[in-house]
């Protein structure tokens, strides 16, 4: 990157773009174009943020005329593959919203395009850039609870969205669980090897499709990750991040209700219940959170060549957990997690 400030185009001017323009402007990124199927939506965003930039419904035109260093893909999941591949082939690196793609075939096509063009594609998994989550990751990596054996996440919320989610076949796994599946990989550094998933639609559900699921994943190193979730569970809601219990050979980490994580570990070798001590988690040193944190990793790559943690070759492993879980539910048995 030769210019002082990186140049980008933003593809998609819908609701999620409102979370991206402020950090882009704070980091002094030159926004050269806003692209949307509805040109008036692009123009409205430009006016909202005082931008004098190209507003168009023509992605190829934006790429040709602005020569961006990177593109921000904020389109719907079904469009991610076509938009990302076009931007990579047009000479731009890409940072895109989750989920990576609407199918594994699309995701593989995106990875292949990144390799073929030599351009980087990363996914913004915003929950990775959270100081409590970063603290948990650092704490587990420090060996505070020993070798990891048992990973548990509960997610129960009664969510009355209305709209498209009410009609999806698998709204929980497809639209929400990617956050928790990616989070377990981030927190532990482990990858999924196999999964058994049972999806169902509980009595009283206001969704058409299967909005609840129980999943068991076999992770690298022999750890087991159990996931229980529902979007039609009224009462005693969990956090949107889920409630977590992570067990190791020497203790347990609890993270519930978005409260600060707590760690108890064994402090002696005698007694029916071994004596325990509570220890402080390792603090986080994140510069920024959410989308801003993801953007900083893209900018660091542009300036220093440091590859982001959610670069496509890594993030496809989180997406594979989603589609392998769906396959398992369909065949009603365990399946390998296929990248």
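The values are calculated or read from the model by the stated rules, or taken from the named source; none is laboratory data. Bear in mind the structure is a predicted one, so any value in this text is a computation, not a measurement. Note: ideal-geometry Cβ built from the backbone for every residue, glycine included; neighbour counts use all protein chains shown.
Summary table
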{"read-out": "Selection status of residue 195, modelled with pLDDT of 95 or more, closer than 30 Å to residue 78 by Cα and in contact with a helix residue (DSSP H, G or I) (Cβ under 9 Å, 6 or more places away or on another chain)", "value": "yes"}
{"read-out": "Members of segment 154-167 that are crowded, with 18+ Cβ neighbours inside 10 Å and either in contact with a helix residue (DSSP H, G or I) (Cβ under 7 Å, 6 or more places away or on another chain) or modelled with pLDDT under 95 (or both)", "value": "155, 165"}
{"read-out": "Sole exception among (1) free of Cβ contacts under 8 Å to residues at least 40 places away in the same chain; (2) farther than 22 Å from residue 188 by Cα for residue 329, by number", "value": "(1)"}
{"read-out": "Single condition residue 230 does not satisfy, out of (1) without any contact (Cβ under 8 Å) to a residue 12 or more places away in the chain; (2) under 21 Å from residue 127 (Cβ atoms); (3) assigned by TED's automatic domain parsing to the domain that holds residue 182", "value": "(1)"}
{"read-out": "Residue tally, condition surrounded by 14 or more Cβ atoms within 10 Å (Cβ to Cβ) and assigned to a loop (DSSP other than H, G, I, E, B), over segment 38-60", "value": "4"}
{"read-out": "Hey, residue 237 more than 29 Å from residue 104 (Cβ to Cβ) and outside any strand (DSSP E or B) or not", "value": "yes"}
{"read-out": "Residue 165 being in a helix (DSSP H, G or I), under 30 Å from residue 223 (Cα atoms) and outside the structural domain of residue 85 (by TED's automatic domain parsing)", "value": "no"}
{"read-out": "Extreme residue, surrounded by the most Cβ atoms within 10 Å (Cβ to Cβ), among residues of segment 299-318 that are over 18 Å from residue 69 (Cα atoms) and either touching a residue at least 40 places away in the same chain (Cβ under 8 Å) or touching a helix residue (DSSP H, G or I) at 6+ places or on another chain (Cβ under 6 Å) (or both)", "value": "315"}
{"read-out": "Enumeration of residues in segment 263-298 that are assigned to a helix (DSSP H, G or I) and surrounded by 19 or more Cβ atoms within 10 Å (Cβ to Cβ)", "value": "291, 292, 293, 294, 295, 297, 298"}
{"read-out": "Residues (farther than 30 Å from residue 257 by Cβ, touching a strand residue (DSSP E or B) at 6+ places or on another chain (Cβ under 9 Å) and outside any strand (DSSP E or B)) located in segment 104-137", "value": "110, 111, 113, 114, 119, 120"}
{"read-out": "Pairs where the first residue, in segment 240-262, is at positive phi and assigned by TED's automatic domain parsing to the domain that holds residue 274 and the second is surrounded by fewer than 18 Cβ atoms within 10 Å (Cβ to Cβ) and part of a loop (DSSP other than H, G, I, E, B), C-beta under 6 Å, 6+ apart", "value": "257/239; 258/239"}
{"read-out": "Out of 184, 111, 145, 85, sole residue that is surrounded by fewer than 23 Cβ atoms within 10 Å (Cβ to Cβ), in the same structural domain as residue 213 (by TED's automatic domain parsing), modelled with pLDDT of 95 or more and in contact with a helix residue (DSSP H, G or I) (Cβ under 9 Å, 6 or more places away or on another chain)", "value": "145"}
{"read-out": "Residues of segment 1-21 satisfying the condition of being in contact (Cβ under 8 Å) with a residue 40 or more places away in the chain, surrounded by fewer than 22 Cβ atoms within 10 Å (Cβ to Cβ) and more than 19 Å from residue 88 (Cβ to Cβ)", "value": "3, 14, 16, 19"}
{"read-out": "Answer residue from segment 23-36, given it is without any contact (Cβ under 8 Å) to a residue 60 or more places away in the chain and surrounded by fewer than 15 Cβ atoms within 10 Å (Cβ to Cβ) and is nearest to the chain's Cα centre (by Cα) among those", "value": "25"}
{"read-out": "Single unsatisfied condition, residue 101 versus (1) under 22 Å from residue 298 (Cα atoms); (2) part of a loop (DSSP other than H, G, I, E, B); (3) without any contact (Cβ under 8 Å) to a residue 24 or more places away in the chain", "value": "(3)"}
{"read-out": "Of all residues making up segment 61-87, the number that are touching a strand residue (DSSP E or B) at 6+ places or on another chain (Cβ under 6 Å), in a helix (DSSP H, G or I) and over 22 Å from residue 174 (Cα atoms)", "value": "3"}
{"read-out": "Sole exception among (1) farther than 27 Å from residue 220 by Cα; (2) more than 15 Å from the chain's Cα centre (by Cα); (3) surrounded by 17 or more Cβ atoms within 10 Å (Cβ to Cβ) for residue 151, by number", "value": "(1)"}
